[in-house]
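K.L.:
Please find one structure pasted underneath; my questions will follow.
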Amino acid sequence: MAGLKARERRERARRDPSLIKEHGSAVAYSYWLCRCETCTRGNRDRQREQLATRSARAERARQDPSLIKEHGSVTAYSYWGCRCDECRSANTLRCRRWRETGTKTVMDLNDTEEI
Ligand SMILES: [Zn+2]
Ligand SMILES: [Zn+2]
């Protein structure tokens, strides 16, 4: 559903380019899905910045471990970038649980079809 909406937005922007106020902005790239040179470069710069912010944050947490309140939480793993045993195994578990739930749904559907 979200994919369809995104496609509609892109079509609209293609038909009426004046909708995009500022090329190279996050809105032009993520909302209007413009992939012109300026927007692609802008997105690349933002990603690089984000990566820098994230590694700076991880560095901060390394220097002051008290910043991480709860190891094994999503916040510790994703926000602070902590990769201690507890955070890593909690993340693996989260991924596995998500995968298992997804697989289970498919299996249930197959069972119903066989009957
Ligand atoms: Zn653009
Ligand atoms: Zn941790």
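K.L.:
Go through the range 8-67 and give me each residue that's over 30 Å from TRP80 (Cα atoms), of a type in the set (Gly, Ala, Ser) and exposed (fewer than 13 other Cβ atoms within 10 Å of the Cβ). Working first, answer last.
P.N.:
Start the filter on the range 8-67 by keeping residues that are over 30 Å from TRP80 (Cα atoms), which leaves 8-23, 32, 34-38.
Keeping just the survivors that are of a type in the set (Gly, Ala, Ser) gives 13, 18.
Result: SER18, single match.
K.L.:
Among the residues of the range 48-71, is any away from ligand 2 (no atom under 16 Å from the Cβ) and of a type in the set (D, E, K, R)?
P.N.:
Yes, some residue in the range 48-71 is away from ligand 2 (no atom under 16 Å from the Cβ) and of a type in the set (D, E, K, R).
K.L.:
With respect to ALA2, determine if the residue is away from ligand 1 (no atom under 16 Å from the Cβ), modelled with pLDDT of 95 or more and under 27 Å from CYS95 (Cα atoms). Outline the logic, then answer.
P.N.:
Values: away from ligand 1 (no atom under 16 Å from the Cβ): yes; modelled with pLDDT of 95 or more: no; under 27 Å from CYS95 (Cα atoms): yes.
No: the conditions fail for ALA2.
K.L.:
Within the set of pairs 6 or more residues apart or between chains, which connect a residue that is free of Cβ contacts under 8 Å to residues at least 24 places away in the same chain inside the range 69-91 to a residue that is polar (S, T, N, Q) and more than 9 Å from ligand 2 (Cβ to nearest atom) with Cβ atoms less than 6 Å apart?
P.N.:
TYR77/ASN91
K.L.:
Taking the criterion of being modelled with pLDDT of 95 or more, away from ligand 2 (no atom under 16 Å from the Cβ), of a type in the set (Ser, Thr, Tyr) and in a helix (DSSP H, G or I), would at least one residue in the range 34-45 satisfy it? Spell out the reasoning first.
P.N.:
Quick first cut of the range 34-45, residues modelled with pLDDT of 95 or more only: 34-45.
Subset that is away from ligand 2 (no atom under 16 Å from the Cβ): 34-45.
If we keep only those that are of a type in the set (Ser, Thr, Tyr) as well, we get 38, 40.
With the extra rule that they be in a helix (DSSP H, G or I), the set shrinks to 38, 40.
Yes, the range 34-45 contains a residue that is modelled with pLDDT of 95 or more, away from ligand 2 (no atom under 16 Å from the Cβ), of a type in the set (Ser, Thr, Tyr) and in a helix (DSSP H, G or I).
K.L.:
Still on this structure, I have one more. Give me the residue from the range 75-115 that is assigned to a loop (DSSP other than H, G, I, E, B) and modelled with pLDDT of 55 or more and, out of that set, farthest from ligand 1 (Cβ to nearest atom). Don't jump to the end; show me each part of the working.
P.N.:
Initial filter on the range 75-115 (assigned to a loop (DSSP other than H, G, I, E, B)): 80-84, 115.
Checking the rest, the ones that are also modelled with pLDDT of 55 or more come to 80-84.
Numbers: TRP80: 34, GLY81: 31, CYS82: 37, ARG83: 36, CYS84: 41 Å.
It comes out as CYS84.
The values are calculated or read from the model by the stated rules, or taken from the named source; none is laboratory data. Remember, it's a predicted structure, so these values are computed and weren't measured experimentally. With ideal geometry, Cβ positions are generated from the backbone for all residues, glycine too; neighbour counts draw on all protein chains shown.
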